Amino acid sequence: MVVENQNQQRVEVNILLLGARHVGKSALTVRFLTRRFIGEYGDIESVYSRVDRIDGQDICINIWDSQAGQDSASAKQLQWADGVILVYDICDAASFQAARQRLALLRRKPASARPPVVIVGNKRDLARHRRVSGEEGRLLALSQRCGFFEVSAAETYHGALLVFHRLVHLVRETRALRKSSAGVRGIVRSVSAVFGKKRAE
Ligand code: GDP
Ligand code: MG
């Protein structure tokens, strides 16, 4: 019964896509939402929603595909986001540098307010033009405790699915951890209140 009730609760996860211009943020988003690759996406900026069953629960995934060429995410976007997909193009070293810098900015927030991040090296189908090795991407992710995938939005749906679902999983894990550590802080506070009172008597 309890499990049933829990499952009926609506869980929402807000995902923000960040990354340099033309790395494939819109391509990944559209691939995930429609399973298709349409080639050209223009400079659309939009929030999309989709409900998926993940880890046995219906999750409403809201996706903010940030505008191409926008270098800095607005405070509003970051406040909205529960998790970030940070995209670069494996054929474009500058886009990897941009991702590295963006990550450093995200990591400046206090640990309790940092959104989980999945780093994505896109355009794997263009490997012969590769400028960023898989190792570089993986190391950056490891050093900053992020998820990491190399994918091709152009070639497969599966990669996009893995990326989004991994981030949903990380967001839910982070929420659970923060909830339980808030619980521990509450217990510590009430215990110290009791001891404080006794000392005062
Ligand atoms: P955004 O500016 O980050 O949203 O990038 P877009 O999604 O608009 O993609 C920029 C360009 O890269 C478009 O011409 C896409 O067709 C192309 N593109 C996106 N993903 C891939 C990919 O995985 N492989 C290849 N070869 N091209 C891609
Ligand atoms: Mg775009």
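The relative contact order of the stretch 113-156 comes to 59 percent, based on Cα pairs under 8 Å that sit 6 or more residues apart. Working note: Karplus 6.51/-1.76/1.60 with θ = phi - 60° gives the stretch 33-42 the couplings 6, 10, 6, 10, 10, 9, x, 10, 10, x Hz, where Gly and Pro are set to x.
Surface analysis of the chain yields an accessible area of 57 Å² per residue, using protein heavy atoms and a 1.4 Å probe. Highest average first, the peptides 141-148, 175-182, 45-52 ordered by how many other beta carbon atoms sit within 10 Å of their residues are 141-148, 45-52, 175-182.
Shown here for the stretch 65-118: trypsin sites (Lys or Arg not before Pro) in loop regions (DSSP other than H, G, I, E, B) with at most 12 other Cβ atoms within 10 Å, namely Arg108. For the chain, the antiparallel share of DSSP beta bridges with both residues in that region comes to about 30%. Only aspartates and glutamates eight or more places from Lys109 in sequence, or on another chain, were considered; those with a Cα closer than 20 Å are Asp71, Asp82, Glu173. Among 79-87, 185-193, the peptide with the highest mean count of other Cβ atoms within 10 Å heads the list, and the full ranking is 79-87, 185-193. With 0.36 nm allotted per residue and the present C-alpha distance subtracted, the Asp52-Thr34 stretch has 5.2 nm of extension available.
Does anyone have the angle between helix 134-143 and the longest principal axis of the chain? Alpha-carbon axes, 0 to 90°, nearest 10? Here the helix axis deviates by roughly 20 degrees.
The angle separating the long axis of helix 158-200 from the principal Cα axis of greatest extent in the chain is about 20 degrees. Using R₀ = 25 Å, calculate the FRET efficiency as 1/(1 + (r/R₀)^6) where r is the Cβ-Cβ separation of Leu161 and Leu105; round to 0.05. Efficiency, from the Cβ-Cβ distance: 0.35. What the phi angles of the stretch 12-17 give under the Karplus curve with 6.51, -1.76 and 1.60, with θ = phi - 60°, is a coupling list of 10, 10, 9, 10, 10, 9 Hz, glycine and proline written as x. Quick check: Cα centre of the stretch 26-68 to Cα centre of the stretch 100-161, how many Å? When both Cα centres are located, 17 Å separates them. If you sort the three axes of the alpha carbon gyration tensor as a ≥ b ≥ c, you get a/c of 1.5 or more for the stretch 24-73 and a/b no higher than b/c, which makes it oblate.
The values are calculated or read from the model by the stated rules, or taken from the named source; none is laboratory data. On a predicted model such as this, the values are computed, not experimentally measured, just so you know. No Cβ is skipped: glycine too gets one built from the backbone with ideal geometry, and neighbour counts run over all protein chains shown. Note: areas computed on protein heavy atoms with side chains; ligands, DNA, RNA excluded. Shrake-Rupley method; radii C 1.70, N 1.55, O 1.52, S 1.80 Å.
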